[in-house]
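Trainee: Submitted below is the structure of interest, expressed as structure tokens.
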Amino acid sequence: VQLQASGGGLVQAGGSLRLSCAADRSVNSRFTMAWWRQAPGKERERVASITGNGLTNYADLAKGRFVISRDRDKNTVYLEMNSLKPEDTAVYYCNSLPPLPSRWGQGTEVTVSS
């Protein structure tokens, strides 16, 4: 089952967005989950991950600006993005880690204007 990310949009540089990814029962709340992004013309890259116990890991691009969290009762993963930059413009996806091809959804588009 594909994971559907939501919460993207158009924001000015320096602004914030909160992305959400709601998973169904096929995704165990103990799974490690992650956010990825893919900018136009670039490969998909991992942004942040969170284990079932809440341990987090961030790519350098996200450290100090993004916060990943999860609500195990709702089986939902969030990505709070602050101090957004134009280079953060991308389609953001969520998936388990390691990712399963069948779980890639449409992603949610984030556009940061300068």
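Trainee: Let's test the formula: R0 of 30 Å, r as the Cβ-Cβ distance of GLN106 and ASP60. What FRET efficiency results, to the nearest 0.05? Walk me through the numbers before you get to the answer.
Mentor: Details: r = 27 Å, r/R0 = 0.89.
Working from the Cβ atoms, E equals 0.65.
Trainee: Next question, about the same structure. log10 I(q)/I(0), Debye, Cα-only region 3-114, no solvent, q = 0.14 Å⁻¹?
Mentor: Debye output, listed in q order: -0.49.
Trainee: How do 53-60, 79-86 rank on mean C-beta neighbours within 10 Å, highest first?
Mentor: Put in order of decreasing packing, that is 79-86, 53-60.
Trainee: Ok, one more. Modelling each spin label as a point 7 Å along the Cα-to-Cβ direction, I'd like the ASP24/ARG44 distance in nm, to one decimal.
Mentor: For ASP24 paired with ARG44, the spin-label model returns 1.9 nm.
Trainee: Mind ranking 11-17, 37-43 by how tightly packed they are, going by the mean number of other C-beta atoms within 10 angstrom, highest first?
Mentor: Top to bottom by mean Cβ count within 10 Å: 11-17, 37-43.
All of the numbers you see were taken from the coordinates with simple rules; none came from a lab. Please read these numbers as outputs of a predicted model, since none were measured by experiment. Cβ: placed from backbone, ideal geometry, glycine included. Neighbour counts: every protein chain shown.
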